[in-house]
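In what follows, a structure is listed as structure tokens, so that the remarks can point back to it.
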């Protein structure tokens, strides 16, 4: 904690002397990015402390949604997770949400506040899967869990969404169930998808000063991959064949390190004939709707996601 505090103090001094690192960033936005970067860097060095913190983490529903959205522990296909639902509504659309965390971190709790907002906006019953994480459970454990949950969902309209690693996992889910001849969801929403586990994006070094991801090098994500081929589309879905995949909506921040993961994935899907839309918020960081939920960019994103969900959920 002292190291994080010291990092914030240094950034305050730097901003006073030199101005904001990104012209449009408020004090609150810049300090939040710096604090998250410092926390992720510290937790990467002390995995035990990180796990203890995550296990204790139990954030409340956003103040504006208290009494409107409820969260209950549950499981689907023996995979634990959280159900997030709107109080007093019998929503028929089910959303499977896959959280981010580079396949080594994250949980339904870490994403509870953002998923609550998404559930309210999209009018869904949402299951956030607590899929198995690396390095204890390497590829394809997370994908196996996501497929098992998806197959057990019983609803006429099913959407899939995910952020970062969860966005990449959502794509891998689509590719696998398409190849296996299973029923596909109505559509998928991807927030800053982590689609290249080799870390070859040119935007990694370019945007490193503006983002919080702890990508100090460009080595592949061996914690999840082990010795598996990082170009396997089910691990790095940027390399996938998207023919026959349902509509995709992809969001990315213009200042995020893995921006090219999103743009290259979209280019590939579009070339394969998929109905795909890309929305890039110019000055935003990785998974910005969850990081700065009250920012106008986050509100625009939820409105776009709502319009997409309405369109793909129509009968026929």
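Just so you know, all these numbers are worked out from the coordinates, no wet-lab data involved. Treat the numbers as computed from the prediction; the structure is a model and nothing was measured. Glycine gets a Cβ as well: all are built from the backbone with ideal geometry, and neighbour counts include every protein chain shown.
A Förster radius of 30 Å, combined with the Cβ-Cβ distance separating residue 219 from residue 280, puts the computed FRET efficiency at roughly 0.70. Between the alpha-carbon centres of region 53-117 and region 128-190 there is a gap of 16 Å. Residues considered: 176, 270, 15. Largest GNM mean-square fluctuation over the chain, using C-alpha springs under 10 Å, is found at 15. Extending each Cα 7 Å along its Cβ direction at residue 68 and residue 303, get the distance between those two points in nm, one decimal. Placing both labels 7 Å beyond Cα along the Cβ direction yields 1.6 nm. For the chain, DSSP calls about 30 percent of its internal beta bridges antiparallel. Legend: calculated FRET efficiency, residue 121 to residue 58, from the Cβ-Cβ distance at R0 = 22 Å, rounded to 0.05, equals 0.45. When the Cα atoms of region 164-304 are aligned to their principal axes, the ranges along those axes come out at 42, 38, 22 Å in descending order. Rg/Rh for region 233-316 (Cα atoms only, Rh after Kirkwood) is 0.99. Compared with the dominant Cα axis of the chain, that is its longest principal axis, helix 141-152 is turned about 40°.
Just checking the listed ones, 244, 88, 253: in the Gaussian network model of the chain with Cα springs under 10 Å, the one fluctuating most is 88. Between the Cα long axis of helix 2-18 and the first principal axis of the chain there is an angle of about 70°, rounded to the nearest 10. Each pair of Cα atoms in the chain enters the Kirkwood radius, and Stokes-Einstein at 20 °C and 1.002 mPa s then converts it into a translational diffusion coefficient of 109 µm²/s.
Taking 7 Å steps out from each Cα toward its Cβ at residue 271 and residue 5 produces label points 5.2 nm apart. Extension gain for residue 231-residue 92 works out to 46.3 nm (0.36 nm per residue, less the C-alpha to C-alpha distance).
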